[in-house]
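Enquirer: This is the structure, below, for whatever I ask next.
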Amino acid sequence: MNTHRTSTLVLGGTGKTGRRVVERLQARGLPVRVGSRTGEPSFDWEDRSTWEPALAGVGSVYLTYYPDLAVPGAVEAVHEFAALAVRSGAPRIALLSGRGEPEAERGEEAVRATGAELTVLRSTWFMQNFSEDYMLEHVLAGEIRLPGGGVPTPFLDVDDLADVAVAALTDDRHAGRLYELTGPHSLTFADAAAVIDHRNADTTDGVREALGREPRDFASYAAQAAAAGAWNAVPSASR
Ligand SMILES: NC(=O)c1ccc[n+]([C@@H]2O[C@H](COP(=O)([O-])OP(=O)(O)OC[C@H]3O[C@@H](n4cnc5c(N)ncnc54)[C@H](OP(=O)(O)O)[C@@H]3O)[C@@H](O)[C@H]2O)c1
(Lines give C-alpha, C1' and ligand atoms only; values in the text may rest on other atoms or scores of the structure.)
Protein backbone atom coordinates (compact mmCIF):
# COMPACT_ATOMS: atom_id res chain seq x y z
CA MET A 1 0.00 0.00 0.00
CA ASN A 2 0.95 3.59 -0.60
CA THR A 3 1.80 5.59 2.53
CA HIS A 4 0.65 8.97 1.10
CA ARG A 5 2.65 11.50 3.04
CA THR A 6 2.29 13.76 -0.01
CA SER A 7 -0.80 15.21 -1.70
CA THR A 8 -2.69 13.82 -4.65
CA LEU A 9 -3.29 16.42 -7.36
CA VAL A 10 -6.73 15.83 -8.89
CA LEU A 11 -6.93 17.54 -12.29
CA GLY A 12 -10.50 18.42 -13.20
CA GLY A 13 -11.11 18.25 -9.45
CA THR A 14 -14.36 20.19 -9.77
CA GLY A 15 -15.63 18.12 -12.73
CA LYS A 16 -17.75 14.99 -13.03
CA THR A 17 -15.10 12.44 -12.11
CA GLY A 18 -12.51 14.62 -10.34
CA ARG A 19 -14.99 15.99 -7.80
CA ARG A 20 -15.88 12.45 -6.76
CA VAL A 21 -12.22 11.45 -6.54
CA VAL A 22 -11.53 14.47 -4.29
CA GLU A 23 -14.47 13.56 -2.02
CA ARG A 24 -13.30 9.96 -1.68
CA LEU A 25 -9.69 10.83 -0.90
CA GLN A 26 -10.77 13.45 1.65
CA ALA A 27 -13.11 10.92 3.27
CA ARG A 28 -10.06 8.72 3.83
CA GLY A 29 -8.23 11.65 5.42
CA LEU A 30 -5.70 11.80 2.58
CA PRO A 31 -4.22 15.13 1.49
CA VAL A 32 -5.72 16.35 -1.80
CA ARG A 33 -5.21 19.33 -4.08
CA VAL A 34 -7.88 20.35 -6.58
CA GLY A 35 -6.28 21.02 -9.96
CA SER A 36 -8.46 23.39 -11.95
CA ARG A 37 -8.62 27.05 -12.86
CA THR A 38 -10.53 27.70 -9.62
CA GLY A 39 -8.15 25.60 -7.51
CA GLU A 40 -5.57 26.99 -5.07
CA PRO A 41 -3.06 27.39 -6.62
CA SER A 42 -4.84 27.68 -9.95
CA PHE A 43 -4.08 25.08 -12.63
CA ASP A 44 -4.78 25.87 -16.27
CA TRP A 45 -3.97 23.59 -19.21
CA GLU A 46 -3.71 26.75 -21.34
CA ASP A 47 -1.08 28.36 -19.07
CA ARG A 48 2.04 26.23 -18.53
CA SER A 49 3.35 28.59 -15.84
CA THR A 50 0.61 27.20 -13.52
CA TRP A 51 1.71 23.56 -13.83
CA GLU A 52 4.81 23.56 -11.63
CA PRO A 53 3.20 25.35 -8.65
CA ALA A 54 0.27 22.91 -8.78
CA LEU A 55 2.72 19.97 -8.54
CA ALA A 56 4.65 21.31 -5.51
CA GLY A 57 4.46 18.77 -2.66
CA VAL A 58 2.46 16.34 -4.77
CA GLY A 59 3.22 12.59 -4.90
CA SER A 60 0.50 11.31 -7.23
CA VAL A 61 -1.84 12.68 -9.89
CA TYR A 62 -5.33 11.90 -11.16
CA LEU A 63 -4.78 13.14 -14.70
CA THR A 64 -7.82 14.24 -16.70
CA TYR A 65 -7.33 16.47 -19.71
CA TYR A 66 -9.90 19.11 -20.62
CA PRO A 67 -11.78 19.28 -22.94
CA ASP A 68 -10.93 15.82 -24.28
CA LEU A 69 -7.90 13.59 -24.59
CA ALA A 70 -8.75 13.15 -28.28
CA VAL A 71 -8.57 16.84 -29.31
CA PRO A 72 -5.56 18.24 -31.22
CA GLY A 73 -2.75 19.26 -28.85
CA ALA A 74 -3.90 16.98 -26.02
CA VAL A 75 -1.21 14.32 -26.55
CA GLU A 76 1.58 16.91 -26.44
CA ALA A 77 0.09 18.62 -23.37
CA VAL A 78 -0.36 15.44 -21.30
CA HIS A 79 3.12 14.25 -22.29
CA GLU A 80 4.70 17.53 -21.19
CA PHE A 81 2.68 17.63 -17.97
CA ALA A 82 3.37 13.99 -17.04
CA ALA A 83 7.11 14.44 -17.68
CA LEU A 84 7.08 17.45 -15.35
CA ALA A 85 5.15 15.46 -12.73
CA VAL A 86 7.68 12.60 -12.82
CA ARG A 87 10.60 15.04 -12.57
CA SER A 88 9.02 16.87 -9.64
CA GLY A 89 8.43 13.72 -7.56
CA ALA A 90 4.91 12.64 -8.59
CA PRO A 91 5.52 9.51 -10.69
CA ARG A 92 2.24 7.84 -9.67
CA ILE A 93 -0.39 8.76 -12.28
CA ALA A 94 -3.94 7.51 -12.89
CA LEU A 95 -4.91 8.69 -16.37
CA LEU A 96 -8.53 9.05 -17.49
CA SER A 97 -8.76 7.96 -21.12
CA GLY A 98 -11.51 7.32 -23.67
CA ARG A 99 -12.50 3.89 -24.97
CA GLY A 100 -12.37 3.25 -28.72
CA GLU A 101 -10.48 6.48 -29.44
CA PRO A 102 -7.08 6.10 -31.20
CA GLU A 103 -6.08 9.67 -30.25
CA ALA A 104 -6.74 8.95 -26.58
CA GLU A 105 -4.57 5.82 -26.85
CA ARG A 106 -1.76 8.02 -28.21
CA GLY A 107 -2.21 10.12 -25.08
CA GLU A 108 -1.85 6.99 -22.93
CA GLU A 109 1.38 6.08 -24.75
CA ALA A 110 2.73 9.61 -24.32
CA VAL A 111 2.19 9.48 -20.55
CA ARG A 112 3.63 5.96 -20.31
CA ALA A 113 6.76 7.10 -22.21
CA THR A 114 7.62 9.52 -19.37
CA GLY A 115 8.38 6.57 -17.08
CA ALA A 116 5.35 7.31 -14.88
CA GLU A 117 3.95 4.54 -12.65
CA LEU A 118 0.82 4.59 -14.76
CA THR A 119 -2.69 3.22 -14.35
CA VAL A 120 -4.90 3.81 -17.39
CA LEU A 121 -8.65 4.18 -16.80
CA ARG A 122 -9.98 3.72 -20.34
CA SER A 123 -13.63 4.58 -19.96
CA THR A 124 -16.73 4.46 -22.10
CA TRP A 125 -19.40 7.23 -22.07
CA PHE A 126 -20.43 8.41 -18.64
CA MET A 127 -24.05 8.03 -17.49
CA GLN A 128 -23.71 11.45 -15.88
CA ASN A 129 -23.42 13.11 -19.30
CA PHE A 130 -27.23 12.93 -19.21
CA SER A 131 -27.55 14.70 -15.86
CA GLU A 132 -24.42 16.78 -15.24
CA ASP A 133 -23.25 17.77 -18.71
CA TYR A 134 -24.34 18.86 -22.18
CA MET A 135 -26.90 16.04 -22.63
CA LEU A 136 -28.93 17.47 -19.76
CA GLU A 137 -30.50 20.19 -21.88
CA HIS A 138 -31.52 17.58 -24.47
CA VAL A 139 -33.11 15.46 -21.76
CA LEU A 140 -34.97 18.45 -20.34
CA ALA A 141 -36.12 19.40 -23.85
CA GLY A 142 -37.44 15.85 -24.22
CA GLU A 143 -35.39 15.07 -27.33
CA ILE A 144 -31.96 13.44 -27.66
CA ARG A 145 -30.48 13.78 -31.16
CA LEU A 146 -27.14 12.17 -31.93
CA PRO A 147 -25.45 10.75 -35.03
CA GLY A 148 -25.10 7.01 -34.48
CA GLY A 149 -27.51 7.17 -31.57
CA GLY A 150 -28.74 3.66 -32.38
CA VAL A 151 -25.39 2.08 -31.53
CA PRO A 152 -25.50 0.38 -28.10
CA THR A 153 -23.18 1.90 -25.50
CA PRO A 154 -22.31 0.34 -22.10
CA PHE A 155 -22.68 3.63 -20.18
CA LEU A 156 -20.53 3.85 -17.04
CA ASP A 157 -21.54 5.44 -13.73
CA VAL A 158 -18.81 7.92 -12.77
CA ASP A 159 -19.15 6.83 -9.14
CA ASP A 160 -17.74 3.47 -10.30
CA LEU A 161 -15.01 5.30 -12.19
CA ALA A 162 -14.11 7.37 -9.12
CA ASP A 163 -13.90 4.20 -7.01
CA VAL A 164 -11.46 2.70 -9.52
CA ALA A 165 -9.43 5.92 -9.67
CA VAL A 166 -9.08 6.03 -5.87
CA ALA A 167 -8.06 2.37 -5.78
CA ALA A 168 -5.43 3.13 -8.43
CA LEU A 169 -4.13 6.15 -6.50
CA THR A 170 -3.97 4.47 -3.10
CA ASP A 171 -2.83 0.93 -3.88
CA ASP A 172 0.44 0.39 -5.74
CA ARG A 173 -0.77 -2.98 -7.09
CA HIS A 174 -2.63 -1.01 -9.79
CA ALA A 175 0.55 0.57 -11.18
CA GLY A 176 1.23 -0.60 -14.73
CA ARG A 177 -2.37 -1.73 -15.27
CA LEU A 178 -4.84 -0.71 -17.98
CA TYR A 179 -8.51 -1.00 -17.06
CA GLU A 180 -11.23 -0.91 -19.74
CA LEU A 181 -14.23 0.46 -17.86
CA THR A 182 -17.90 0.04 -18.82
CA GLY A 183 -21.25 -0.32 -17.10
CA PRO A 184 -23.06 -3.67 -16.88
CA HIS A 185 -25.44 -3.22 -19.85
CA SER A 186 -25.26 -1.79 -23.35
CA LEU A 187 -28.09 0.62 -24.14
CA THR A 188 -28.91 2.69 -27.19
CA PHE A 189 -29.54 6.37 -26.58
CA ALA A 190 -33.19 5.65 -27.26
CA ASP A 191 -33.16 2.98 -24.52
CA ALA A 192 -31.45 5.43 -22.18
CA ALA A 193 -33.91 8.19 -23.02
CA ALA A 194 -36.82 5.84 -22.37
CA VAL A 195 -35.43 4.94 -18.96
CA ILE A 196 -34.87 8.61 -18.08
CA ASP A 197 -38.10 10.08 -19.51
CA HIS A 198 -40.58 8.63 -17.10
CA ARG A 199 -43.03 11.34 -18.18
CA ASN A 200 -43.89 9.34 -21.32
CA ALA A 201 -42.42 5.88 -20.80
CA ASP A 202 -45.40 4.21 -19.17
CA THR A 203 -48.41 2.98 -21.13
CA THR A 204 -51.98 3.87 -20.17
CA ASP A 205 -55.41 2.28 -20.75
CA GLY A 206 -57.11 5.46 -22.00
CA VAL A 207 -58.03 4.02 -25.45
CA ARG A 208 -59.59 0.92 -23.91
CA GLU A 209 -61.37 3.06 -21.36
CA ALA A 210 -62.88 5.26 -24.09
CA LEU A 211 -63.48 2.72 -26.86
CA GLY A 212 -63.57 -0.70 -25.25
CA ARG A 213 -60.75 -2.03 -27.46
CA GLU A 214 -56.98 -2.25 -27.32
CA PRO A 215 -54.90 0.53 -28.90
CA ARG A 216 -52.91 -0.29 -32.03
CA ASP A 217 -49.30 -1.16 -31.65
CA PHE A 218 -46.46 0.57 -33.48
CA ALA A 219 -45.84 -2.31 -35.91
CA SER A 220 -49.47 -2.30 -37.10
CA TYR A 221 -49.36 1.45 -37.57
CA ALA A 222 -46.09 1.23 -39.54
CA ALA A 223 -47.37 -1.59 -41.79
CA GLN A 224 -50.52 0.33 -42.64
CA ALA A 225 -48.65 3.57 -43.27
CA ALA A 226 -46.13 1.81 -45.51
CA ALA A 227 -48.92 0.10 -47.47
CA ALA A 228 -50.52 3.50 -47.98
CA GLY A 229 -47.26 4.79 -49.49
CA ALA A 230 -46.33 7.15 -46.66
CA TRP A 231 -42.62 6.49 -47.07
CA ASN A 232 -42.47 6.01 -50.87
CA ALA A 233 -39.79 8.31 -52.29
CA VAL A 234 -41.46 11.35 -53.83
CA PRO A 235 -39.97 14.77 -54.71
CA SER A 236 -40.49 17.02 -51.70
CA ALA A 237 -42.06 19.75 -53.90
CA SER A 238 -44.96 17.43 -54.80
CA ARG A 239 -45.76 16.56 -51.16
N1 LIG B 1 -17.67 12.52 -20.74
C2 LIG B 1 -17.44 11.24 -21.05
O3 LIG B 1 -18.35 10.44 -21.30
C4 LIG B 1 -16.00 10.75 -21.06
C5 LIG B 1 -15.75 9.39 -21.26
C6 LIG B 1 -14.42 8.93 -21.26
C7 LIG B 1 -13.38 9.84 -21.03
N8 LIG B 1 -13.66 11.16 -20.84
C9 LIG B 1 -12.56 12.10 -20.61
O10 LIG B 1 -12.80 12.82 -19.42
C11 LIG B 1 -12.05 14.03 -19.46
C12 LIG B 1 -12.85 15.09 -18.79
O13 LIG B 1 -14.00 15.35 -19.52
P14 LIG B 1 -15.40 15.68 -18.87
O15 LIG B 1 -16.26 16.02 -20.01
O16 LIG B 1 -15.81 14.60 -17.94
O17 LIG B 1 -15.11 17.07 -18.05
P18 LIG B 1 -15.27 17.34 -16.50
O19 LIG B 1 -14.13 16.69 -15.80
O20 LIG B 1 -16.64 17.08 -16.01
O21 LIG B 1 -15.22 18.96 -16.32
C22 LIG B 1 -14.26 19.84 -16.55
C23 LIG B 1 -13.19 19.98 -15.43
O24 LIG B 1 -12.04 20.49 -16.05
C25 LIG B 1 -11.69 21.75 -15.45
N26 LIG B 1 -11.20 22.62 -16.53
C27 LIG B 1 -11.89 23.19 -17.54
N28 LIG B 1 -11.07 23.90 -18.31
C29 LIG B 1 -9.82 23.78 -17.79
C30 LIG B 1 -8.54 24.30 -18.13
N31 LIG B 1 -8.35 25.10 -19.18
N32 LIG B 1 -7.48 23.96 -17.36
C33 LIG B 1 -7.63 23.17 -16.27
N34 LIG B 1 -8.83 22.64 -15.90
C35 LIG B 1 -9.91 22.96 -16.65
C36 LIG B 1 -12.96 22.26 -14.79
O37 LIG B 1 -12.67 23.08 -13.66
P38 LIG B 1 -12.52 24.68 -13.73
O39 LIG B 1 -13.70 25.19 -14.51
O40 LIG B 1 -12.53 25.07 -12.29
O41 LIG B 1 -11.22 24.98 -14.40
C42 LIG B 1 -13.59 20.93 -14.32
O43 LIG B 1 -12.98 20.53 -13.10
C44 LIG B 1 -11.68 14.28 -20.92
O45 LIG B 1 -10.29 14.09 -21.08
C46 LIG B 1 -12.42 13.19 -21.67
O47 LIG B 1 -11.66 12.71 -22.76
C48 LIG B 1 -14.94 11.63 -20.84
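The values are calculated or read from the model by the stated rules, or taken from the named source; none is laboratory data. Given the structure is predicted, the values throughout are model-derived calculations rather than measurements. With ideal geometry, Cβ positions are generated from the backbone for all residues, glycine too; neighbour counts draw on all protein chains shown. Just the protein is used for accessible areas: all its heavy atoms, side chains included, with ligands, DNA and RNA removed. Shrake-Rupley method; radii C 1.70, N 1.55, O 1.52, S 1.80 Å.
Enquirer: For the stretch 142-159, what are the residues that are in contact (Cβ under 8 Å) with a residue 12 or more places away in the chain and in a loop (DSSP other than H, G, I, E, B)? If you could, list the steps in order and put the result at the bottom.
Expert: The initial filter retains those residues of the stretch 142-159 that are in contact (Cβ under 8 Å) with a residue 12 or more places away in the chain, namely 142, 144, 146, 149-159.
Of everything in the stretch 142-159, those that are in contact (Cβ under 8 Å) with a residue 12 or more places away in the chain and in a loop (DSSP other than H, G, I, E, B) turn out to be G142, I144, L146, G149, G150, V151, P152, P154, F155, D157.
Enquirer: Moving on to the next point. Has the stretch 116-132 got at least one residue that is surrounded by fewer than 16 Cβ atoms within 10 Å (Cβ to Cβ) and within 14 Å of the ligand (Cβ to nearest atom)?
Expert: yes
Enquirer: Within the stretch 62-71, is even one residue outside any loop (DSSP other than H, G, I, E, B) and over 16 Å from the mean Cα position of the chain (by Cα)?
Expert: No, the stretch 62-71 has no match at all.
Enquirer: Would you check if there is a residue in the stretch 183-200 being closer than 30 Å to V10 by Cα and not small (G, A, S)?
Expert: yes
Enquirer: Starting from residues that are within 13 Å of the ligand (Cβ to nearest atom) and assigned to a loop (DSSP other than H, G, I, E, B), keep the ones in the stretch 73-103 and report whichever is farthest from L169 (Cα to Cα).
Expert: Among those that are within 13 Å of the ligand (Cβ to nearest atom) and assigned to a loop (DSSP other than H, G, I, E, B), it is G73.
Enquirer: Ok, one more. Going by what's in this entry, would V111 be described as among the hydrophobic types (A, V, I, L, M, F, W, C), in contact (Cβ under 8 Å) with a residue 24 or more places away in the chain, over 17 Å from A165 (Cα atoms) and part of a helix (DSSP H, G or I)? Show your work before the answer.
Expert: Working: among the hydrophobic types (A, V, I, L, M, F, W, C): yes; in contact (Cβ under 8 Å) with a residue 24 or more places away in the chain: yes; over 17 Å from A165 (Cα atoms): no; part of a helix (DSSP H, G or I): yes.
Spelling it out, it is not the case that V111 is among the hydrophobic types (A, V, I, L, M, F, W, C), in contact (Cβ under 8 Å) with a residue 24 or more places away in the chain, over 17 Å from A165 (Cα atoms) and part of a helix (DSSP H, G or I).
Enquirer: Take the residues in the stretch 43-68 that are hydrophobic (A, V, I, L, M, F, W, C) and open to solvent by 10 Å² or more (accessible area, probe 1.4 Å); name whichever of them is farthest from the ligand (Cβ to nearest atom).
Expert: Checking each candidate, the answer is A56.
Enquirer: Collect the residues in the stretch 176-195 that are open to solvent by less than 40 Å² (accessible area, probe 1.4 Å) and part of a loop (DSSP other than H, G, I, E, B), keeping them in residue-number order.
Expert: Of everything in the stretch 176-195, those that are open to solvent by less than 40 Å² (accessible area, probe 1.4 Å) and part of a loop (DSSP other than H, G, I, E, B) turn out to be G183, T188.
Enquirer: To continue, here is another question. Tally the residues that are hydrophobic (A, V, I, L, M, F, W, C) and buried (at least 19 other Cβ atoms within 10 Å of the Cβ), restricting the search to the stretch 142-163.
Expert: Residues in the stretch 142-163 being hydrophobic (A, V, I, L, M, F, W, C) and buried (at least 19 other Cβ atoms within 10 Å of the Cβ): 5 in total.
Enquirer: Now, a different point. Between a first residue in the stretch 119-131 that is over 14 Å from T182 (Cβ atoms) and a second residue that is open to solvent by 20 Å² or more (accessible area, probe 1.4 Å) and more than 6 Å from the ligand (Cβ to nearest atom), which pairs have beta carbons less than 6 Å apart while being 6 or more apart in sequence or on different chains?
Expert: Pairs found: T119/H174; T119/R177; V120/L178; F130/V139.
Enquirer: Which of (1) more than 9 Å from the ligand (Cβ to nearest atom); (2) open to solvent by less than 30 Å² (accessible area, probe 1.4 Å); (3) assigned to a helix (DSSP H, G or I); (4) at pLDDT 90 or above is the odd one out, the single condition V139 does not satisfy?
Expert: Only one criterion is unmet by V139, namely (4).
Enquirer: Out of all the residues in the stretch 19-36, is one or more surrounded by fewer than 24 Cβ atoms within 10 Å (Cβ to Cβ), of a type in the set (S, T, Y) and more than 12 Å from the ligand (Cβ to nearest atom)?
Expert: No, the stretch 19-36 has no match at all.
Enquirer: Out of A83, A74, I need the residue that is open to solvent by less than 10 Å² (accessible area, probe 1.4 Å), at pLDDT 95 or above and more than 17 Å from V10 (Cβ to Cβ). Which one?
Expert: On the way: A83 fails: open to solvent by less than 10 Å² (accessible area, probe 1.4 Å).
The unique qualifying residue is A74.
Enquirer: Separate question: Can you go through A167, A219, A162 and tell me which one is part of a helix (DSSP H, G or I) and either farther than 30 Å from V10 by Cα or not small (G, A, S) (or both)?
Expert: Only one candidate passes the filter, namely A219.
Enquirer: Which of (1) modelled with pLDDT under 80; (2) open to solvent by 90 Å² or more (accessible area, probe 1.4 Å); (3) farther than 30 Å from N129 by Cα does D202 not meet, given it meets every other one?
Expert: Of (1) modelled with pLDDT under 80; (2) open to solvent by 90 Å² or more (accessible area, probe 1.4 Å); (3) farther than 30 Å from N129 by Cα, only one is false for D202: (3).
Enquirer: Any residue that is touching an Asp or Glu at 6+ places or on another chain (Cβ under 6 Å) and free of Cβ contacts under 8 Å to residues at least 60 places away in the same chain - is there at least one of those in the stretch 65-81?
Expert: Checking the stretch 65-81: at least one residue is touching an Asp or Glu at 6+ places or on another chain (Cβ under 6 Å) and free of Cβ contacts under 8 Å to residues at least 60 places away in the same chain.
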